[in-house]
Amino acid sequence: MRRSNLIALAAILVILASWEMVCSGLHIPDFILPPPSRIIAVAVFQAKTILPHAVTTALEVLIGILISLMVAVVLSIVMFAHPSVEKTIAPFLVASQAVPVFAIAPLLVVWLGYGIASKVLMAAVIIFFPITVNLLEGFKSCNQEFRVLFQLMGAGFWKTMRLLYWPWALPHFFSGLKVGVSVATIGAVIGEWVGAQQGLGYLMIQANARLNVDVVFAAIVWLSIMGLSLWIFVGFLERRVITWKS
Amino acid sequence: MLTVSRLSKCFGELFIFKNFDLELPKNGFTVLIGPSGCGKSTLFNVLSGVVNNDGGEIKWCGESVAHLGGTSAYMQQNDLLLPWFSLIDNALLPAKISGENIDNARMKARSLFKRLDLEGFETYSPAEISGGMRQRCALVRTLMFERELVLLDEPLSALDAITRSSLQSLLVMLQIEFHKTILMITHDIEEALMLADEVLVLSRRPMRILDRFSLRGAKLRRIDDPDLIKIKKYVLNLLQEELDI
């Protein structure tokens, strides 16, 4: 293991250990702040109850990512090809981010129901923005000399997109995607808080009402694992796809 | 072959060149040399249609054309190889874009790789090879264009002296073996005298032709030839005076 990894691991262990000591030293009851040992025990031993909820949330997040990918790619290409379109819809895109997801969550639940559709949409609303913005910036950042070269070779927009703009923008795309996947769970969980029958957000609300704070924390642990795995997976993809940058 | 008459380009009030005339013979090697910022690269951009001209006429093979975008290949200081493609895929770019048969193009590219001493490096990425090899690969790509006119905008100025001299002989090959008509910009008077059939010395903005020399003799010419040394001194003087004004 590399030295930096060791340091990171040590830091986490130190934080967990002090948390543990504070809880037991000050006799903090479990329903206020459970110690990490208790949280991990719940997260592991109650996995049977938690797992179906985690699967639901993961599904919402993954579908949300897929939808927002499609939307982001189409939007950014259209905006790049037609600056007038960008001028027209950019304010709406920014507005969609300025309005807190909390504010529209109840509406979406009313419109799309208690199933996963409203959560998928909420996740997608959060994720598509960083991907779209980064992709568009990536296309725009393309070197002028390369553009001229393609122009002189007689390349049309789509050929230039496929051979030049798209690969050029890929590093930007991945930074957007990384931001997107790391906040993706927010949309899904908020949706589940507002109204759901399944999912980690639903589990948290239920457990919180019964003062099962350890279950709330266990759900958070699972959420973190989910977000972290997504992040690591995207990083892995990035290294596989972008082989020309070290 | 190419006749440019009364060509003008201005940015706002500022004329880069006004009523500029230029004549390129078929299969000739013409070199433009001038003080930096005199508008040589703008001339290339106008000729290739990257920017519009503000008056004048461009005639290609006797026919008036808007620009030479479809008839010329362009090579510049920056090799502009795409980092995500291997060398061979970079060379195949013109074929991929024009949609011609990729297998034929691949065969042609392979023989050019051989001719330009890049054989065995087809699958390497541009980041893995030297600047001279990259520029040779850019030259292969330029040749894959199948265009008769080649515009060279200081193609060798980013290279070290030794690499440059080996690539200069490849530029001669471009003219003699591949029968291209060449218009080249350079800052290097010696390079101009080694390679050109005709050297045009340009003034500061607004750009016009100060003087011209027709050169003979087999290429690459030896730069220690007494006649060439005289011309070199004269041209340097001329350019110096331009800068001093």
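Restricting attention to the stretch B:8-30, report how many residues are in contact with an Asp or Glu (Cβ under 7 Å, 6 or more places away or on another chain) and assigned to a strand (DSSP E or B).
If we filter the stretch B:8-30 for residues that are in contact with an Asp or Glu (Cβ under 7 Å, 6 or more places away or on another chain), which is where we start, we get B:8-10, B:28-30.
Narrowing further to those that are assigned to a strand (DSSP E or B): B:8-10, B:29-30.
Residues flagged as in contact with an Asp or Glu (Cβ under 7 Å, 6 or more places away or on another chain) and assigned to a strand (DSSP E or B) within the stretch B:8-30 amount to 5.
At least 1 residues that are more than 14 Å from chain B (Cβ to nearest Cβ) in each: list the helices (runs of 4 or more DSSP H) lying fully within the stretch A:88-199 that qualify.
Numbers: elements: A:101-112, A:116-140, A:144-152, A:157-160, A:166-194.
Answer list for the stretch A:88-199: A:101-112, A:116-140, A:166-194.
Looking at the stretch B:87-103, I want the residues that are closer than 16 Å to B:Glu122 by Cβ and among the β-branched types (Val, Ile, Thr) and have a partner that is open to solvent by 60 Å² or more (accessible area, probe 1.4 Å) and assigned to a loop (DSSP other than H, G, I, E, B) with Cβ atoms under 8 Å, at least 6 apart or on another chain. Which pairs are those?
B:Ile88/B:Thr123
Which one of these is under 19 Å from B:Leu2 (Cβ atoms) and open to solvent by 70 Å² or more (accessible area, probe 1.4 Å): B:Arg212, B:Arg216, B:Arg222?
Numbers: B:Arg216 fails: under 19 Å from B:Leu2 (Cβ atoms); B:Arg222 fails: under 19 Å from B:Leu2 (Cβ atoms).
One residue alone meets the criteria, B:Arg212.
Within the stretch A:29-85, which residues are acidic (Asp, Glu) and surrounded by fewer than 17 Cβ atoms within 10 Å (Cβ to Cβ)? Walk me through it before giving the result.
We begin by selecting, within the stretch A:29-85, every residue acidic (Asp, Glu); these are A:30, A:60.
Residue satisfying the conditions is A:Asp30 alone.
Which members of the stretch A:218-243 meet the condition of being surrounded by 15 or more Cβ atoms within 10 Å (Cβ to Cβ), among the hydrophobic types (A, V, I, L, M, F, W, C) and within 14 Å of another protein chain (Cβ to nearest Cβ)?
The answer is A:Ile242, and nothing else.
Output the number of the condition that B:Leu22 fails; it satisfies all remaining conditions of (1) closer than 30 Å to B:Leu93 by Cα; (2) modelled with pLDDT of 85 or more; (3) surrounded by fewer than 22 Cβ atoms within 10 Å (Cβ to Cβ).
Going through (1) closer than 30 Å to B:Leu93 by Cα; (2) modelled with pLDDT of 85 or more; (3) surrounded by fewer than 22 Cβ atoms within 10 Å (Cβ to Cβ) one by one, B:Leu22 breaks only (1).
For residues in the stretch A:154-210 being free of Cβ contacts under 8 Å to residues at least 24 places away in the same chain and basic (Lys, Arg), which is surrounded by the fewest Cβ atoms within 10 Å (Cβ to Cβ)?
Only one residue fits best here, namely A:Arg210.
Find the residue count for the stretch B:5-19, including only residues that are open to solvent by less than 80 Å² (accessible area, probe 1.4 Å) and under 15 Å from B:Asn52 (Cβ atoms).
Here the count works out to 8.
Write out, first by first residue and then by second, each pair whose Cβ atoms fall under 6 Å of each other, whose residues are 6+ apart or on separate chains, and whose first residue, in the stretch B:148-176, is farther than 21 Å from B:Phe44 by Cβ while the second is at pLDDT 85 or above and surrounded by 17 or more Cβ atoms within 10 Å (Cβ to Cβ).
Sorted first by the residue in the stretch B:148-176, then by its partner, the pairs are B:Thr163/B:Gly132.
Just one of the numbered conditions (1) open to solvent by less than 60 Å² (accessible area, probe 1.4 Å); (2) at pLDDT below 90; (3) of a type outside the set (Lys, Arg) is not true of B:Ile88; which one?
Of everything listed in (1) open to solvent by less than 60 Å² (accessible area, probe 1.4 Å); (2) at pLDDT below 90; (3) of a type outside the set (Lys, Arg), B:Ile88 misses just condition (2).
Taking B:Thr71 as the residue in question, decide whether it is more than 10 Å from chain A (Cβ to nearest Cβ), open to solvent by less than 10 Å² (accessible area, probe 1.4 Å) and on the phi < 0 side of the Ramachandran plot.
In short, no.
Those residues that are modelled with pLDDT of 90 or more and in a loop (DSSP other than H, G, I, E, B), I need them from the stretch A:1-26; list them, please.
Once the filter is applied, which keeps residues that are modelled with pLDDT of 90 or more and in a loop (DSSP other than H, G, I, E, B), the stretch A:1-26 yields only A:Leu26.
Does the stretch B:31-48 contain at least one residue that is more than 14 Å from chain A (Cβ to nearest Cβ), of a type in the set (D, E, K, R) and within 16 Å of the chain's Cα centre (by Cα)?
Step one: filter the stretch B:31-48 for residues more than 14 Å from chain A (Cβ to nearest Cβ), giving B:31-40, B:43.
Going one step further and asking which of them are of a type in the set (D, E, K, R), we end up with B:40.
Pick out the ones that are also within 16 Å of the chain's Cα centre (by Cα) and you get B:40.
Within the stretch B:31-48, one or more residues are more than 14 Å from chain A (Cβ to nearest Cβ), of a type in the set (D, E, K, R) and within 16 Å of the chain's Cα centre (by Cα).
Among the residues of the stretch B:130-145, are any touching a Pro at 6+ places or on another chain (Cβ under 6 Å) and open to solvent by 30 Å² or more (accessible area, probe 1.4 Å)? Give the derivation first.
The first filter runs over the stretch B:130-145 and keeps only residues touching a Pro at 6+ places or on another chain (Cβ under 6 Å), leaving B:134, B:144-145.
Of the ones still in play, those that are also open to solvent by 30 Å² or more (accessible area, probe 1.4 Å) are B:134.
Checking the stretch B:130-145: at least one residue is touching a Pro at 6+ places or on another chain (Cβ under 6 Å) and open to solvent by 30 Å² or more (accessible area, probe 1.4 Å).
Taking B:Ala95 as meeting all but one of (1) within 11 Å of another protein chain (Cβ to nearest Cβ); (2) of a type outside the set (Phe, Trp, Tyr); (3) more than 19 Å from A:Thr160 (Cα to Cα); (4) part of a helix (DSSP H, G or I), write down the number of the exception.
(3)
State which residue pairs qualify: first residue without any contact (Cβ under 8 Å) to a residue 60 or more places away in the chain and within 18 Å of B:Ser48 (Cβ to Cβ) and inside the stretch B:1-17, second residue open to solvent by 40 Å² or more (accessible area, probe 1.4 Å) and part of a strand (DSSP E or B) in any location, beta carbons under 7 Å apart, and separation of 6 or more residues or different chains.
Pairs that qualify, where the first residue is without any contact (Cβ under 8 Å) to a residue 60 or more places away in the chain and within 18 Å of B:Ser48 (Cβ to Cβ) and the partner is open to solvent by 40 Å² or more (accessible area, probe 1.4 Å) and part of a strand (DSSP E or B), are B:Thr3/B:Glu23; B:Thr3/B:Lys59; B:Val4/B:Asp21; B:Ser5/B:Asp21; B:Ser5/B:Glu57; B:Ser8/B:Phe15; B:Ser8/B:Lys18; B:Ser8/B:Asn19.
From the list B:Leu116, B:Leu81, which one is closer than 21 Å to B:Leu167 by Cα, in contact (Cβ under 8 Å) with a residue 40 or more places away in the chain and away from chain A (no Cβ under 14 Å)? I'd like the intermediate steps shown before the answer.
On the way: B:Leu81 fails: away from chain A (no Cβ under 14 Å).
Selected residue: B:Leu116, the only one of B:Leu116, B:Leu81 that is closer than 21 Å to B:Leu167 by Cα, in contact (Cβ under 8 Å) with a residue 40 or more places away in the chain and away from chain A (no Cβ under 14 Å).
Any residue at all in the stretch B:195-205 that's small (Gly, Ala, Ser), over 24 Å from B:Leu82 (Cα atoms) and either exposed (fewer than 14 other Cβ atoms within 10 Å of the Cβ) or at pLDDT below 85 (or both)? It would help to see each step written out before you state the result.
Residues of the stretch B:195-205 small (Gly, Ala, Ser): B:196, B:203.
Right, trim to over 24 Å from B:Leu82 (Cα atoms) and you get B:196, B:203.
Right, trim to either exposed (fewer than 14 other Cβ atoms within 10 Å of the Cβ) or at pLDDT below 85 (or both) and you get B:203.
Yes, because at least one residue in the stretch B:195-205 is small (Gly, Ala, Ser), over 24 Å from B:Leu82 (Cα atoms) and either exposed (fewer than 14 other Cβ atoms within 10 Å of the Cβ) or at pLDDT below 85 (or both).
Would you be able to say whether some residue in the stretch B:43-62 is outside any loop (DSSP other than H, G, I, E, B), open to solvent by 10 Å² or more (accessible area, probe 1.4 Å) and either of a type in the set (D, E, K, R) or more than 29 Å from B:Glu191 (Cα to Cα) (or both)?
Of the residues in the stretch B:43-62, the ones outside any loop (DSSP other than H, G, I, E, B) are B:43-48, B:57-60.
Of the ones still in play, those that are also open to solvent by 10 Å² or more (accessible area, probe 1.4 Å) are B:45, B:57, B:59-60.
If we keep only those that are either of a type in the set (D, E, K, R) or more than 29 Å from B:Glu191 (Cα to Cα) (or both) too, we end up with B:57, B:59.
Yes, that holds for at least one residue.
What number of residues within the stretch B:207-235 are closer than 22 Å to B:Leu149 by Cβ and in a strand (DSSP E or B)?
Residues flagged as closer than 22 Å to B:Leu149 by Cβ and in a strand (DSSP E or B) within the stretch B:207-235 amount to 5.
Can you name every residue in the stretch B:170-206 that is assigned to a helix (DSSP H, G or I) and in contact with a Gly (Cβ under 9 Å, 6 or more places away or on another chain)? If you could, list the steps in order and put the result at the bottom.
Initially, the stretch B:170-206 is screened for residues assigned to a helix (DSSP H, G or I), giving B:170-176, B:189-195.
If the condition is that a residue be assigned to a helix (DSSP H, G or I) and in contact with a Gly (Cβ under 9 Å, 6 or more places away or on another chain), then B:Gln175 is the only one that fits.
The values are calculated or read from the model by the stated rules, or taken from the named source; none is laboratory data. Bear in mind the structure is a predicted one, so any value in this text is a computation, not a measurement. Every residue, glycine as well, gets a Cβ built from its backbone with ideal geometry; the counts of neighbours run over all protein chains shown. We work out accessible area using only protein heavy atoms, side chains counted, and drop any ligands, DNA or RNA first. Shrake-Rupley method; radii C 1.70, N 1.55, O 1.52, S 1.80 Å.
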